[in-house]
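Asker: Before I ask anything, let me first share the structure, which is written out below as structure tokens.
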Amino acid sequence: MKYVNLFIIAVLSIIFVACSSENPFSRTEDSLDEEYESAIESKIENRERDKSSSDWDDYDDYIYVDGNYGYTRSSSSYRSSSSSSTDEVVSSPKFDYLTNSKTMRLTLTHYKQIVCSLEGKSSKTCDYSDGDPRISFEILFIQSNGSKTKYSTRDDLGKNWFYYDDLGEWDGERSFEVNVPALTDTIEVCPKVMDVEGFDDRVSSTYCYYSYHVGLLGIRETVYQSDYMSEKCELEWEWYLY
């Protein structure tokens with residue numbers, strides 16, 4: 001009987017110790033739960049830190065595309081839409097070329113005769129307004145695969161797209177639109193000003209002006225350009241893609 005009692009006491013002691021000890025499997029599950037929650041919290045903190053450290057004021061510099069021939073400026077509406085969808089902009093890949101076709105809107109904004117007379121020695125006056133400017137543009141869309149698409153206002157909008165008699169200076173807006181093919185990464189704009197009096201003398205320069213990496217431009221981000229190489233007239237225009 002003595003040995004039976006001792007056996008019962010031993011069994012009860014083992015059961016008591018087991019119940020009072022922490023379940024090793026439960027401890028493992030709790031530990032895993034804590035590690036998982038810690039990882040999630042760390043990921044959220046890192047994401048918030050990355051978002052807060054992104055310098056969106058430098059975004060215009062990053063998409064500056066015009067080399068020596070112009071400059072860009074984001075519109076307030078584009079800036080607002082960018083800041084309200086930060087996650088989308090950060091995660092979206094950026095390409096130098098257009099991933100989809102877009103529309104280009106080009107606007108002539110300024111013309112001014114800067115020489116005494118465009119009619120040369122035959123002119124009887126020197127009033128800086130004896131020219132008869134006919135202004136047109138040729139645009140070349142260069143794609144990343146080497147293909148080129150040409151557009152001319154002379155061919156598509158008529159030879160008199162912009163034309164005035166005896167015009168010395170003009171400020172306003174004269175616009176046209178043209179389709180820009182997908183994969184375009186470079187846009188070349190070639191202005192041409194002819195004095196239609198007499199022999200149709202060209203009074204603009206022969207220079208064309210390039211914009212590279214146009215896929216990085218924001219929607220309706222205006223590119224300002226001018227025929228600054230011209231010695232006979234001032235010519236300014238601007239364009240954007242949408």
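Asker: Can you name every residue in the stretch 100-145 that is polar (S, T, N, Q) and within 19 Å of the chain's Cα centre (by Cα)?
Answerer: Selection gives ASN100, SER101, THR103, THR107, GLN143, SER144.
Asker: When you check ASP201 against the structure, is it buried (at least 19 other Cβ atoms within 10 Å of the Cβ), out of contact with any helix residue (DSSP H, G or I) (no Cβ under 6 Å at 6 or more places or on another chain) and at negative phi, yes or no?
Answerer: no
Asker: Okay, moving on. Going by what's in this entry, would SER175 be described as buried (at least 16 other Cβ atoms within 10 Å of the Cβ) and in the same structural domain as LEU106 (by TED's automatic domain parsing)?
Answerer: Against the criterion (buried (at least 16 other Cβ atoms within 10 Å of the Cβ) and in the same structural domain as LEU106 (by TED's automatic domain parsing)), SER175 does not qualify.
Asker: Return the only residue of ASN160, ASN145 being at pLDDT 90 or above, outside any strand (DSSP E or B) and assigned by TED's automatic domain parsing to the domain that holds GLY215.
Answerer: From the options ASN160, ASN145, the qualifying one is ASN145.
Asker: Does LEU235 qualify as being touching a Lys or Arg at 6+ places or on another chain (Cβ under 9 Å), hydrophobic (A, V, I, L, M, F, W, C) and under 27 Å from GLY146 (Cβ atoms)?
Answerer: no
Asker: Sort out which residues of the stretch 122-137 are part of a strand (DSSP E or B) and closer than 18 Å to ASP201 by Cβ, and write them in order of number.
Answerer: Selection gives PRO133, ARG134, ILE135, SER136.
Yes/no matrix, rows are residues, columns are (1) closer than 15 Å to SER136 by Cβ; (2) aromatic (Phe, Trp, Tyr); (3) in a loop (DSSP other than H, G, I, E, B):
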site	(1), (2), (3)
ASP155	yes, no, no
ASP165	no, no, yes
PHE176	yes, yes, no
SER204	yes, no, yes
LEU235	yes, no, no
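The values are calculated or read from the model by the stated rules, or taken from the named source; none is laboratory data. Just so you know, these numbers come straight off a predicted model, no measurement behind them. All Cβ positions, even for glycine, are placed from backbone atoms using ideal geometry, and neighbour counts span all protein chains on display.
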